[in-house]
There are 2 protein chains.
Amino acid sequence: MNPRCRLAIHGGAGVIDRASLSPAREAEFRGALARIAGDAWHALMHGASALDVVEQAVCDLEDFPLFNAGHGAVLNAEGLAEMDAAIMDGHARRAGAVAGVLSPKHPVSLARAVMEQSEHVFLVGPEADRFAQLCAVPRMPPSYFITPERAEQQRQAAALGRITLDHDALYNQGALRDKTGTVGAVARDLDGHLAAATSTGGMTNKRPGRVGDSPVIGAGTFADDDSVAVSATGHGEYFIRAVLAHDIHARMTYGRQPLAEASREALAKVRALGGSGGLIAVDRDGELALPYNTEGMYRAWVGADGAVRVAIYAN
Amino acid sequence: MNPRCRLAIHGGAGVIDRASLSPAREAEFRGALARIAGDAWHALMHGASALDVVEQAVCDLEDFPLFNAGHGAVLNAEGLAEMDAAIMDGHARRAGAVAGVLSPKHPVSLARAVMEQSEHVFLVGPEADRFAQLCAVPRMPPSYFITPERAEQQRQAAALGRITLDHDALYNQGALRDKTGTVGAVARDLDGHLAAATSTGGMTNKRPGRVGDSPVIGAGTFADDDSVAVSATGHGEYFIRAVLAHDIHARMTYGRQPLAEASREALAKVRALGGSGGLIAVDRDGELALPYNTEGMYRAWVGADGAVRVAIYAN
């Protein structure tokens, strides 16, 4: 048992119909979440920084093909995985973000390179891919990211002329029933530092160049050692307009709301604007919150007792 | 006199050395600010919406070649004007933003088209330019945006191997002494609605693909009828990390701070992170604030008395 370390990860929130998610597929999701959370917890307990841990956890989530990030990201209207990611260090509020990148094997690691190896916070488009090359962040060809299921999903969405979130109800049918969304991680380390990271392929069949909330500091990703670290998932446009992650920080900092209330009310604001989704958060006192206003959210967390917990639905 | 309408515009904050700004050049700046604010005020008093007024004011600021936006934007490391803009409607918090665009004559109008004619909030890169074409937002060739002064500025910065803000002290020398930054506008209309818009060419000699705070909703641009409309200018990386514009909203909403205190303290947070700049804001009660922590900020505003006021320095 450790009084300081905390961890939460997510693999997206959305319409996850229990009846349509096969036991085998559910076990696959739960296994991946447990393994990734377990590895991250192990690292935290051995003194890894929150920043290193959220980066590595998101890399692992990016590698898992059923989550919408990195390998297995959803495809845009041109059939390409066009990815966004961000990372933020609660210590001194350093941040890095990328959007519309096509090549980094781990977009979250490119976001970290932007934070640490550029004078900038936010790089987008082809030049962000070029920056990956400059920084020797591993790159892969477009085919690496594309799984057969994602290609089929995009073809169906294109045929229907729809832009859809990965977890859109439309895709809760047939072969597409159990797709998931954005991935993210938040952690508090032995030194009490907080960090957050988020990575996504965005929306199936999206217009190329569309940027959601994941790489927008304050919307989908935020961390401040004095308050909270947050990673969000959902209909990004509404999370941007709600400035969701910073709203949680602000409710805690200026409104003196506890984390549970702050995250619930911030998410209610997203809902009031018309959006759905969820988030994971850890605050400076080690409280965890994983609220969502969808049918489910792929998630795992570790509290003070050191037990790795995994959940998809409300119970 | 009108009890509701309010207006503020800015043409950037930075090191504006009084001694080095020639009287003729200063008169040119003051004249442009007075004319643009006067036109915007006239429209507001005749019933134009805050949204229409901030868009038009920013278009006018984009057209003025001495401000860093639209025609006369600073040039990136490839010698191109690569522009970012955002607009937000305080009514229902609708928002649109673009980054890394090369072609729209008025980037702020493309941001509005994203808000009104797409399902998205934020479009970046070549696809945002393509969207301009789709929406028939007027486009111009790269040469339209490039002024001889900006080309010289970029060549000097490239020779020095520096990325600089338009108002960086380095450029407060010789031929480059009186350059300015980002532009923006905030307004409160006859119906009490608020809106904010911001537009910029970013940093001289910047890495292509770099995105500053201007198009980041919550950082450089934010509006909510229930609290405040904000447009910021300065070292964007720090404004992103501070989530400056939403921080002002949050201090007012959750901390019950008056606008003057909220905007001063939010800017102090930017300073604490290492950044400098300024902002303009109007709140739901019609209070105006135009703080900055630099030597000057090009600005104009109209309060309840209907008088257009213009200032560059502190006094």
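The values are calculated or read from the model by the stated rules, or taken from the named source; none is laboratory data. The structure presented is a predicted model; accordingly, all values stated were derived computationally and were not measured. Positions of Cβ are backbone-derived with ideal geometry, glycine not excepted, and every protein chain shown enters the neighbour counts. In case anyone asks, the SASA skips ligands and DNA or RNA and just uses the protein heavy atoms, side chains included. Shrake-Rupley method; radii C 1.70, N 1.55, O 1.52, S 1.80 Å.
Quick look at the values:
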quantity	calculated
Packing rank of B:77-84, A:236-243, B:45-52, where each peptide gets the mean count of other beta carbons within 10 Å, highest leading	A:236-243, B:77-84, B:45-52
Taking only Cα atoms of region A:25-78, radius of gyration then Dmax in Å	12.9, 44
Number of Lys pairs (Cα under 26 Å; 8 or more positions apart or on different chains) in the protein assembly as shown	13
A:ARG130, A:ARG25, B:ARG155, A:ARG188, ranked by accessible area, largest first (probe 1.4 Å)	B:ARG155, A:ARG130, A:ARG25, A:ARG188
Computed P(r) (all Cα pairs; region B:1-110; 10 Å bins; percent)	13, 39, 34, 13, 1
Dipole in debye (nearest 20) - the protein assembly as shown, about Cα centre, beta carbon charges: Lys, Arg +1; Asp, Glu -1	100
Unit Cα scatterers, Debye sum, chain A: log10 I(q)/I(0) for q = 0.07, 0.08, 0.10, 0.15 Å⁻¹	-0.22, -0.29, -0.46, -1.10
Whole-percent carbon and sulfur share, accessible surface of chain A, 1.4 Å	51
Nitroxide proxy distance, nm - points 7 Å out along Cα→Cβ at B:ASP63 and A:ASP39	5.7
Sites B:ALA159 and B:LEU80, calculated FRET efficiency, Cβ-Cβ separation with R0 25 Å, nearest 0.05	0.90
Using a 7 Å Cα-to-Cβ projection, B:GLU116 label spacings across copies, nm, ascending	4.6
Amide hydrogen neighbours beyond the local backbone of A:ILE146, cut-off 5 Å, H modeled	A:GLY72
Using θ = phi - 60° and Karplus 6.51 cos²θ - 1.76 cosθ + 1.60, couplings along region A:193-201 (whole Hz; Gly, Pro as x)	6, 10, 8, 9, 8, 9, 8, 7, x
At least 30 Å² accessible surface lost relative to isolated chain, residues of region A:112-129 (1.4 Å probe)	A:GLU119, A:HIS120, A:VAL121, A:PHE122, A:LEU123, A:VAL124, A:GLU127
Copies compared at B:ARG130 - label distances in nm, ascending, label defined 7 Å from Cα in the Cβ direction	1.9
Region A:6-313, relative contact order [Cα under 8 Å, separation at least 6], %	26
Per residue accessible area in Å² of region A:6-313, where ligands, DNA and RNA are left out and the probe is 1.4 Å	30
Ascending list, in nanometres, of distances separating the A:GLY274 label from those of the other copies (7 Å, Cα toward Cβ)	4.0
Taking the C-alpha atoms of the protein assembly as shown, convex hull volume expressed per residue in Å³	129
Charged-residue dipole, Cβ positions (Lys, Arg, Asp, Glu), region A:223-304 about Cα centre, Debye nearest 20	260
